[in-house]
Amino acid sequence: METLVIHGSPGSPYVRAAVAVMVEKRLPWRLALMTDVALLREPAHLARHPFGRMPALEHGDFVLHETQAILRYADAIGEPPPLTPAEPRAAARMNQALGIVDAYLFEGATKPIGFNRLVAPRIGAPVDEQAVAKALPAARHCLVVLESMLIGDYLAGGMFTLADLLAACHLAMLARTPEGRDLLAERPRLADWLARVEARPSLQATVPSRLMAA
Ligand SMILES: N[C@@H](CCC(=O)N[C@@H](CS)C(=O)NCC(=O)O)C(=O)O
């Protein structure tokens with residue numbers, strides 16, 4: 001199998017998920033490090049990702065962007081077990097959780113809180129305290145809803161799915177901020193689920209500091 005090349009930086013929860021799925025599915029992968037956000041606007045990257053974001057995947061002459069698409073592609077071509085339930089309602093729950101992560105958790109919480117607490121200080125950008133404070137109710141709501149989906153051990157029931165993988169990458173980033181730690185402390189069942197998912201070899205192999213060295 002040809003190596004799957006993921007373009008992005010280790011600090012991104014989406015990039016982490018794209019690499020973690022390669023580990024879960026025992027696919028050969030390589031991270032093409034994007035150390036500077038200016039690279040996102042370069043023609044070479046825009047050809048891979050017309051929205052100038054990360055990750056982008058190259059697999060031979062096949063190029064793909066959007067993390068959900070990358071997760072599903074890896075799940076389809078990698079080794080078993082599948083990370084998508086066969087049972088329609090469980091699959092629908094997985095899709096619902098993936099949608100929540102993209103539409104609400106990332107936009108409402110990981111992005112404003114994670115950027116201002118983790119990225120801005122590192123790159124010398126101003127920290128927007130108002131944006132952090134404004135994000136807290138939406139972040140709390142996301143955590144309440146995700147916790148309510150934990151009827152079984154995982155977000156879509158009894159099996160670990162792509163939704164657990166993506167949501168854990170986002171919540172792990174949030175948990176590295178003081179606000180995220182407090183919000184997770186309010187939700188012990190979700191915190192327990194996060195600890196279980198983060199203990200998986202795929203998540204362990206992709207903590208940002210390890211990915212940077214990969
Ligand atoms: N819908 C995209 C979102 C990807 C995304 O927003 N990635 C962030 C990093 S976590 C990014 O590229 N940010 C750079 C920017 O917005 O300029 C996906 O699912 O892959």
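The values are calculated or read from the model by the stated rules, or taken from the named source; none is laboratory data. Remember, it's a predicted structure, so these values are computed and weren't measured experimentally. Positions of Cβ are backbone-derived with ideal geometry, glycine not excepted, and every protein chain shown enters the neighbour counts.
Overview of values
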item: Filtered residues of the range 151-174 (kept if within 16 Å of Thr84 (Cα to Cα) and not in a helix (DSSP H, G or I)); result: Gly152, Asp153, Tyr154, Leu155, Ala156, Gly157, Gly158, Met159, Phe160, Thr161
item: Selection count, the range 1-20, where residues are more than 14 Å from His170 (Cα to Cα), within 13 Å of the ligand (Cβ to nearest atom) and of a type outside the set (S, T, N, Q); result: 3
item: Conditions (1) under 13 Å from Leu105 (Cβ atoms); (2) basic (Lys, Arg); (3) touching a residue at least 60 places away in the same chain (Cβ under 8 Å): number failed by Arg140; result: (3)
item: Hits in the range 60-86 (condition: of a type outside the set (Asp, Glu) and within 13 Å of the ligand (Cβ to nearest atom)); result: Leu64, His65, Thr67, Gln68, Ala69, Ile70, Leu71, Arg72, Tyr73
item: Criterion violated by Pro126 - all others in (1) surrounded by fewer than 19 Cβ atoms within 10 Å (Cβ to Cβ); (2) in contact (Cβ under 8 Å) with a residue 24 or more places away in the chain satisfied; result: (2)
item: Residues being part of a helix (DSSP H, G or I), away from the ligand (no atom under 16 Å from the Cβ) and at pLDDT 95 or above - total across the range 97-129; result: 1
item: Members of the range 130-150 that are outside any helix (DSSP H, G or I) and more than 19 Å from Gln68 (Cβ to Cβ); result: Leu150
